[in-house]
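Below is one structure, written out as structure tokens, with a few remarks after it.
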Amino acid sequence: MPMPEDRETSEPLAYPEAVILTHPIDPELKGEVDDKYQYPCGNQDCRVRGWISSDPPVGFWMIIPSNEFRTGGPVKQDLTSLVGRTILSMFVNLHYSGEYLSLSIRDGEHWKKVFGPVFIYLNSASAEGHISKLWDDAKQQGYQFWTRANSDGFFSINGARPGNYSLYGWVLGFLGDYKYGINVTITPGCKVNLGDLMYEPPSNDSVHVDKFRQYELWERYSELYPHEDLVYTIGTTDYNKDWFFAHVNRVPNETHMLRVAIASATASQLLVHLNKTDTYPVFSTRVHHSGGLERDRVPDGAPGNGKWVLLIGHFVYMKKMSWSQSPLLCLGLLLQLSLLADCSLKSEWTRGIPRRINVEVPASSSRLRLLIKHRFLETEETVNLVLTPFGNMSEEEETGFSSLRIHGSSFKVIKEAEDQIELSFTSTWYHSIGYKSVPLNVDKRFIMLPGRSGFYSYAIYEHLQGWPDFNLDETRIAFKLRHDLFRYMAISDQRQRIMPTPKDRKTGKRLAYPEAILLTHPSNPELKGEVDDKYQYSCENQHNRVHGWISSDPPVGFWMINPSDEFRTGGPVKQDLTSHVGPTTLSMFVSVHYSGEDLSMKIRNGEHWKKVFGPVFIYLNSASDEGHVTKLWDNAKQQMLTEVQNWPYSFPASNDFPSSDQRGTVTGRLFIQDRFLQKENIPADSAYLGLAAPGDIGSWQTESKGYQFWTRANSNGSFSINGVRPGRYNLYGWVPGFLGDYKYDLTITITRGSKLNLGHFIYEPPRQGPTLWEIGIPDRSAAEFYVPDPSRKYINKLYVANKNSDDKDSIPVDKFRQYGLWERYAELYPHEDLVYTVGTSDYSKDWFFAHVDRRNDDNTYKPTTWQIRFNLDKVTRVPNETHMLRVAIASATGSQLLVHLNNTDSYPVFSTSMIGRDNAIARHGIHGLYWVYNINIPSNRLTVGENIIFLTQSKHTGSFQGLMYDYIRLEGPSTSI
């Protein structure tokens, strides 16, 4: 077999796995094709495979004694051994089947399967001359056969595991498959005789050879049938000779050959177009993770070393000597930013960008650079920014970044003036790229303005019509800072602390999931015994305006400022990541955190889609000395207020970002009408009102393709939504303290400069009759319920009560963000589940914040059933009269809610399907997606005196399955007003 190095120096063929060996170490292999898919094997024949070494004379073998745990049946083909001295035993995969063989776990079903055992066998020979015997020995060690019928058709399948099966089969020489009509149940020790079976297939004769594994056989069709396609005449033609094995398209047999010899290439990609550039290229070189072709190793001083420009068509590739690598930044705008310790401040705006002549950089230009000017606290320092592309970071630095990265392939100066510099890095998708990359055109922009201490960044994503479908679960801009400098993180006035290092996490103890680490050997001993989890620092979009890191030596701050939420998904209360150990600072644009795949952006049916994410502002400030470091946060907040006030910005050069005069405004006044509270309409004080893509009531919380614009009403219900992009919207809303969602009846169209006043309009919250009792506050959160103190084993000191100036414990901030609170339920209710008595219990003390499963001693789980006990003084028996139970859910993860009345042995009066994937319990979220259920309860099912509503969360396969309730209310009949 060839070596991995042989493949690296080879010529790629039609797909990445297939290469032609052009410079192999073993010259006898030159000109051969290597492709791992040339060495598959059917499961029935795939019992032993491996590798032999001649010196020392040893063998390494994978022996698969059975196929019972593998998918696809006996003739399913799969990989075996391949270049890389790689040896595999495939259990589940889609090779030679596609997604039809994907293992799909649905509706929270329980599933368990044993894969294996397999035997990894090693043997050796006495001398190199006996090597051939190693294969024979390996075959003897583990070779077995599928059951085959004898000449009379009798068969015996032995050693079957207990379970329910179908019997399948086929007969060599006959077409089709057989299936026995009845399921076969195997129990321990059973012997099942099925008697005589009958199979009636069409006749067929087949010959199986492995010649089909040769590369590029599909191209032989055009050679064998150069002018006319295949014609088959029944009775005359022989399918063994005259029926081509694959019905493929015809390859044109006449071509011209363009040969391009390149003397040197660095971080480059060559695209070749024919006759016009707006079509897909006829040829494209590969771009490696470093951003270019195979990197030439040019000696210092040799031709080709240094700075140069490769100009092909409209693509310009620049090597910048001031950057440690090519300037190709990754999708999600993932890059590392290192602040060097030798900081000083320039007193003037410096732009070292050389003037371009005919789009080329003059040879005399020494480098491309951007220096930031700022003045803070009357000090002067220089801030040098070093942008390091991912792939050049150490393993420690890259910890936690596993996102797909698409590198820019084109660099362009969009604007170069005294008052602004705007740079563009673009990545273009072509059909020839296929699924090696996301089918998106990405334009990443960076802007610097004089007098601004930092830079702006935004991105334009576009999916052209007819391109492949895809899902976008997450995209973001991310920065990783020097962990030896930045140790203090700030998210809000109350959420600030000294943070652990990436190394502290590596030496810690992993808890229930990879993000949660118990710090066992931190470099800072004061952190020992604390839990670190990036989800403990999440924040709602509406409050996620500024966060970042502070270095004490030098005393500088690095801040992410989000001036608007219009480009973020999920609305104002959607939670997402901010900053965390790395040191990492993020601005999340799209994510499924605290929502699950319901918020995944799904591009379907080749639709056209385009969206601008950002701009966001990356702000840097400094203090005169370490003693003034705390002022950096206050200064960052002030800068954030300035950026918010200036939104929408007027300076982005892209036409896809409309300025304020190109946008519209919507105003109005919302009232609430609830005749069971008061006769007059109630002003919707502090209501949330927003414009989002047209849809159903509440659809805004899972809408991800468009823009959203939200505001809060004042105390009299008046509101103004400003800076709205032109487009078609629905007006959505909800009011804290009132149940449900609001949607304005008409679609709203915003045009350039439009000012639309909707006047007064009414929201009627769900209501049938008077409130008999209620639990909680309808605010889409479980924060008002009982949140226990964490176990002392799992503390984050940021969220514990501290002594204040009066020597009294302060109220802990966001106590729900402590790790492991779900485990406290079984400790607080060790024998019986929660019972809440209306009129006696206090939901802030007696209603656990999360309805979770109970862990058994054997680490399995069982469902829990909560009780709501209440008394009724009277119950009318009017025919068809109902009471209404309203259940608002703040979060759901793999859950099913069953509601019983007075007796759990009867059928439930209500049941959800399996709902929710927001994972807010595990991620300390206190809320996720919002659900409201209106449950009719026949009045004749209620009794005078005590009644009990039983709430059962029936799914119980893990500790994170559960519900968080927002609000529960029982209403009387409508006739009781």
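The values are calculated or read from the model by the stated rules, or taken from the named source; none is laboratory data. Nothing here was measured: the structure is a model prediction, and the numbers come from that model. Glycine also receives a Cβ, built like all others from the backbone with ideal geometry; neighbour counts cover every protein chain displayed. With ligands, DNA and RNA removed, areas are computed over all heavy atoms of the protein, side chains included. Shrake-Rupley method; radii C 1.70, N 1.55, O 1.52, S 1.80 Å.
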Using a cut-off of 12 Å between alpha-carbon atoms, which aspartates and glutamates can reach Lys955, once sequence neighbours fewer than 8 places away in the same chain are excluded? Asp107, Glu109, Asp853
If I model a spin label as a point 7 Å beyond the Cα along the Cα-Cβ vector, how far apart are those points for Asp685 and Val184 in nm? 7.4 nm
So how much slack lies between Lys631 and Ala512, counting 0.36 nm per residue of separation and subtracting their Cα-Cα distance, in nm? 39.1 nm
Distance (nanometres) between label positions extended 7 Å along Cα→Cβ at Asp857 and Glu228: 8.3 nm
Along principal axes, Cα extents of the stretch 1-120, largest first, whole Å: 54, 37, 23
With the cut-off at 24 Å, tell me which of the pairs Lys76/Lys112; Lys637/Lys793; Lys534/Lys797; Lys797/Lys862 have Cα atoms farther apart than that. Lys637/Lys793; Lys797/Lys862
Sorted by average packing, counted as other Cβ atoms within 10 angstrom per residue and highest first, what order do 10-17, 64-71 take? 64-71, 10-17
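For the stretch 587-665, what is the accessible area per residue in Å², given a 1.4 Å probe and the full set of protein chains?
Numbers: 3020 Å² over 79 residues.
Heavy-atom SASA per residue in the stretch 587-665 reads 38 Å².
Please work out the FRET efficiency for the pair Val248 and Ser53, using the Cβ-Cβ distance as r and a Förster radius of 41 Å; give the result to the nearest 0.05. Can you show the working numbers first?
Details: r = 41 Å, r/R0 = 0.99.
Efficiency for this residue pair is about 0.50.
Under the classification rounded if a/c is under 1.5, otherwise prolate if a/b is larger than b/c and oblate if not, where does the stretch 778-876 fall, given a ≥ b ≥ c as square roots of the Cα gyration tensor eigenvalues?
Working: a/c = 2.57, a/b = 1.33, b/c = 1.92.
Oblate shape, in that a/c is at least 1.5 and b/c is the bigger or equal ratio.
In whole percent, how big is the carbon plus sulfur part of the accessible area of the stretch 512-627, probe 1.4 Å, protein atoms only? Walk me through the intermediate numbers first.
Values: 1370 of 2900 Å².
Whole-percent figure for carbon plus sulfur exposure: 47.
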Hey, which lysines would be in cross-link range of Lys276, C-alpha to C-alpha under 23 Å, not counting anything within fewer than 8 residues on its own chain? Lys412
Protection proxy ranking, peptides 612-625, 449-462, average beta carbon neighbours within 10 Å, highest first: 612-625, 449-462
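Using R₀ = 51 Å, calculate the FRET efficiency as 1/(1 + (r/R₀)^6) where r is the Cβ-Cβ separation of Thr520 and Arg85; round to 0.05. Walk me through the numbers before you get to the answer.
On the way: r = 37 Å, r/R0 = 0.73.
With a Förster radius of 51 Å, E is 0.85.
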If each part is reduced to its alpha-carbon centroid, the stretch 877-920 and the stretch 515-550 end up apart, in Å, by 37 Å
Approximate spin-label separation Lys30-Met257, in nm, with each point projected 7 Å along Cα-to-Cβ: 1.7 nm
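With a Förster radius of 45 Å, plug the Cβ-Cβ distance of Glu607 and Ser126 into 1/(1 + (r/R0)^6) and report the FRET value to the nearest 0.05. Spell out each step's value before the answer.
Values: r = 67 Å, r/R0 = 1.49.
So the FRET efficiency works out to roughly 0.10.
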